[in-house]
1. Output the residue which, of all residues in the range 300-359 that are among the aromatic types (F, W, Y) and over 21 Å from C244 (Cβ atoms), is surrounded by the most Cβ atoms within 10 Å (Cβ to Cβ).
2. Within the range 265-287, is there a residue that is within 19 Å of V378 (Cβ to Cβ), assigned by TED's automatic domain parsing to the domain that holds P346 and under 22 Å from the mean Cα position of the chain (by Cα)?
3. For A198, are the conditions met, namely being over 30 Å from V368 (Cβ atoms), in contact with a strand residue (DSSP E or B) (Cβ under 7 Å, 6 or more places away or on another chain) and not in a helix (DSSP H, G or I)?
4. Restricting attention to the range 339-362, which residues are touching a Pro at 6+ places or on another chain (Cβ under 7 Å) and either touching a residue at least 60 places away in the same chain (Cβ under 8 Å) or not assigned by TED's automatic domain parsing to the domain that holds V378 (or both)?
5. Which members of the range 28-52 meet the condition of being part of a helix (DSSP H, G or I), touching a helix residue (DSSP H, G or I) at 6+ places or on another chain (Cβ under 9 Å) and more than 27 Å from R140 (Cβ to Cβ)?
6. Among the residues of the range 144-189 satisfying the criterion of being among the acidic types (D, E) and part of a helix (DSSP H, G or I), which is nearest to the chain's Cα centre (by Cα)?
7. So which residues in the range 87-141 are in contact with a Lys or Arg (Cβ under 6 Å, 6 or more places away or on another chain), β-branched (V, I, T) and either under 30 Å from V153 (Cβ atoms) or not assigned by TED's automatic domain parsing to the domain that holds W49 (or both), if there are any at all?
8. Do the conditions hold for A111, that is, is it within 22 Å of R420 (Cα to Cα) and surrounded by fewer than 16 Cβ atoms within 10 Å (Cβ to Cβ)?
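The values are calculated or read from the model by the stated rules, or taken from the named source; none is laboratory data. Quick caveat, the model's predicted, so the values are computed rather than measured. Because the Cβ atoms are built from the backbone with ideal geometry, glycine has one as well, and the counts that use them run over all protein chains shown.
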Amino acid sequence: MSATVEQVQAAVAQVIEARERLLSRRTTGEIIQALATAAASWLEPDSPWRARAVAEAPQPTGFSPQMVEEAVRLTFAPITTAALGELVDRELADRHALDGFCRQGSVTARATGPRVIAQFLAGNVPSPGIVSLCIGLILRAGNLVKLSSHDPVFPSLFLESVRAVDSELASCAVALSWPRTETAVTQAALAAADAIIAYGDDFTLRSLKQMAPPSAVFLGYGHKVSFGVITRAALAAENLPALCEAVAFDVSVYDQQGCLSPHVLYVEERGEISPRKFCAALAEAMAAYHTRVPTGPLTDEEAAQITMVRLGYEFRSETDKRVAVWASDRPNEWAVIYDDDPAFTPSCLNRIVFVKPTDGFKRVLSSVQRFASQIACVGVAPFDERAAEFAAQLARLGIHRVCPLGQMQRPPLSWHHEGRGRLGQLVRWTDLG
C-alpha cells in the first residue's frame, strides 16, 4: 500500500513525539544494548525474524532463500554491543557525548542528533540500510524510513525485532512505502527532515538533493563498483583452494549486486600459478559456492544481458587466444571471463567476473584510474607490505577502502562508508565554557 502525504505527516509527528520521550530517559549505552540484542535475535537457531526473512524476502529481492540466509548472517553478526560502541567512540570521541557534556581535549561539549532523519533505503543489499537505522536510533532521532520496493522485508522486520526488545526505542522509527513517482509524498518526507540519508542510483540522489531543504544535512550513497588484485606472492599451489574460495565468496554473495562486489580481478603474471590456471580454479570455487548458495531467478533483462556477454566472449575465444571463458553448465548461473585487455570492464552482475593478467600494481593503477571516483573497495591478496603501499597509491586516487580478498563483503561496522563518517556528520555540537 502506497503511503499518502497525510500518512507521512502523521508518521513524522509520531516519531518526533517518541524522540522527545527517549531523549531525557535513555542513555547511549542502553540504546546500543537494545540494538545489539535485537540483532543477535536474528542469529538464534529458532529465530522468527530469520525464518520470516527467508520466507518473505526472496520474491522482492530476487535472492534465493539460501542467499537470504547468507544476508542475515552478514548483516546482523557485525551488530554487537562492542562494535556499535566502537562506532560511536570513533566518530564522537566518547559515546557519552550524546548523553551529556564530556571533556574532549581542551573543550567540554555534547552532541545532539537531528530531530528527524528521512531515510531512503535501497533494495540491492540489506546491510547498509540496517546499519543506517541503528545510527538513526543511536542518535535518538525520529526516523522516517522509505522502504525500497526491492526490499521492504529486512528493514521492517528489523524494526519489529527492535520493538520486541525495546518498544520505546522502536517507536522512534516508522517505515513506509511509496513509488518514486509520488513526488508530493517524497517532498512531504523531505520537508520534515533535518537530515537525509539516501541510497540509490545517481539520478535518484540528485533528485532527492534538489528537493531537500537547503538547511538539511544530506548524506547520499550512490552507485559504486569494486575490484580485486592478486599478486604472484599469493599464487602458490598450496594457497590456491583457500584463495579461490575467498574470491568466489566476494564475487558471488548478494549475486554481485552490492557496491563491494568485485567486477574485475587483476592477477599478476609470473607466479607459480598463471592467471589462466587461476581462472580454472576460481571456476571450481564459483561452482561450489553456487551449489551451496544458488542464484535467485533472473529477470528477462538480466538473463539477456548475461547471455549476450557470455556468448560474445565465447565466440571471441574460438579465434582469439587472448580470451577464454569458464562458465556454469546451466546457463546464466556464473562465469569467469579471462581477457588480456587490461581495461577495467564493469560486469553485467549476477556472478559474472572478469580476470585480467597484469605485470604489477602500476599497470593496475593506470587501468582503473578513469573509474577511480566510482570504486568503493579494492580487495588484495596477499594483504602484506606491498598491499599497504598499493593502498597509499589508491588513496591518492580517492579510493576509500582496501582490504584482504575474502573480506570485501564484510566491512567493519565502523568503516568510513564512501570515505566519510556517518554519525559525525549528523550531530550538532554544543560547547560549554
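1. F344
2. Yes, that holds for at least one residue.
3. Answer is no for this residue.
4. V353, V355, K356, P357, T358
5. P48, R50, R52
6. E160
7. V88, I135, listed by residue number.
8. In short, no.
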